[in-house]
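Down below is the structure, laid out as structure tokens.
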Amino acid sequence: MSFLEDFQASLEPLPNILQRKYALLRDLDKSLQGIQRQNEQRCLQEIEEFKEGVKSGNIAPGTSLNKFSDDAQDEQKHAIRIADEKVALAVQAYDLVDAHIQQLDQYLKKFEEQRREKDIAAAAGTPGSNPDGNGKPAKEGGRGGRKKSRLAAAAAAAQVAAANPPSMDLDLPVDPNEPTYCFCNQVSYGEMVACDNPDCKIEWFHYGCVGLKEQPKGKWYCSDCSGMQKRRKGK
């Protein structure tokens, strides 16, 4: 039985269990209210009897009523016991629901970990390739079109980097037909950045080859295109 099936099986009787506990809570509350009304009336009656005793002279003036009758005190103790039972039932219901919530949190966490592992495995299986399977970082409209956003490129490269940390020496065969990029004329790997010059001859560069450690902000141009723009401005 899977975790989800086990959770569903444990969740199925929960509504009936809670319903029984709530019904018992209502019965206890009704009983408690009845005892409290009875005790209040008894205490008021005993106070009135004390006043009448003072008026009639049976009780000397200045005498204090030390305590209520044993019956009144027994009713108060009974009310306290019922109140404690109500609290215990409420705590049981809370703990029961909380246990299922924690179980659901564990399932969601496990599901998220499995999904992340699948995404990383899929990215590691086809690093840097686009849906066409040509092995080149995805672009829009072919080589002459605009490149995908650097943010999307960095996200895809980050997944590959997470699956293949730089400290690991991976002895993977290189496809001689795979396109190459960057000044180093190597295949796509790790994090790469795209030159924002639409006429850039290279287009894609490895972070390490162009001295980058993180995604640049705003537009970014390779050294060739940047030098070309400076020369044009100098004319």
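The values are calculated or read from the model by the stated rules, or taken from the named source; none is laboratory data. Given the structure is predicted, the values throughout are model-derived calculations rather than measurements. In this analysis, Cβ positions are derived from the backbone assuming ideal geometry, glycine residues included, and neighbour counts consider all displayed protein chains. Please note that ligands, DNA and RNA were not included when accessible areas were found on the heavy atoms of the full protein model with its side chains. Shrake-Rupley method; radii C 1.70, N 1.55, O 1.52, S 1.80 Å.
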Filter result (open to solvent by 50 Å² or more (accessible area, probe 1.4 Å) and without any contact (Cβ under 8 Å) to a residue 12 or more places away in the chain) within region 72-97: Gln73, Asp74, Lys77, Ile80, Arg81, Asp84, Val87, Val91, Tyr94, Asp95
Selected residue (criterion: farthest from Ile80 (Cα to Cα)) from residues of region 10-29 that are over 33 Å from the mean Cα position of the chain (by Cα) and loosely packed, with under 13 Cβ neighbours inside 10 Å: Ala23
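Here is a yes/no grid of residues against (1) in the same structural domain as Gln106 (by the TED database); (2) more than 19 Å from Ile101 (Cα to Cα); (3) modelled with pLDDT of 90 or more; (4) outside any helix (DSSP H, G or I):
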| position | (1), (2), (3), (4) |
| --- | --- |
| Gln8 | yes, no, no, no |
| Lys21 | yes, no, no, no |
| Arg26 | yes, yes, yes, no |
| Gln33 | yes, yes, yes, no |
| Arg37 | yes, yes, yes, no |
| Glu40 | yes, yes, yes, no |
| Gln45 | yes, yes, no, no |
| Glu49 | yes, yes, no, no |
| Glu52 | yes, yes, no, no |
Evaluation of Asn197 against (1) surrounded by fewer than 16 Cβ atoms within 10 Å (Cβ to Cβ); (2) modelled with pLDDT of 85 or more (one fails), failing number: (1)
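Rundown of residues vs (1) under 30 Å from Lys219 (Cα atoms); (2) at pLDDT below 85, yes/no style:
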| position | (1), (2) |
| --- | --- |
| Tyr107 | no, yes |
| Lys118 | no, no |
| Ala138 | yes, yes |
| Arg146 | yes, yes |
Residue under evaluation Lys67, criteria (1) in a helix (DSSP H, G or I); (2) modelled with pLDDT of 70 or more; (3) surrounded by fewer than 16 Cβ atoms within 10 Å (Cβ to Cβ), criterion not met: (1)
Region 213-226 - residue that is open to solvent by less than 40 Å² (accessible area, probe 1.4 Å) and in contact with a strand residue (DSSP E or B) (Cβ under 8 Å, 6 or more places away or on another chain) and, of those, nearest to Cys184 (Cα to Cα): Cys222
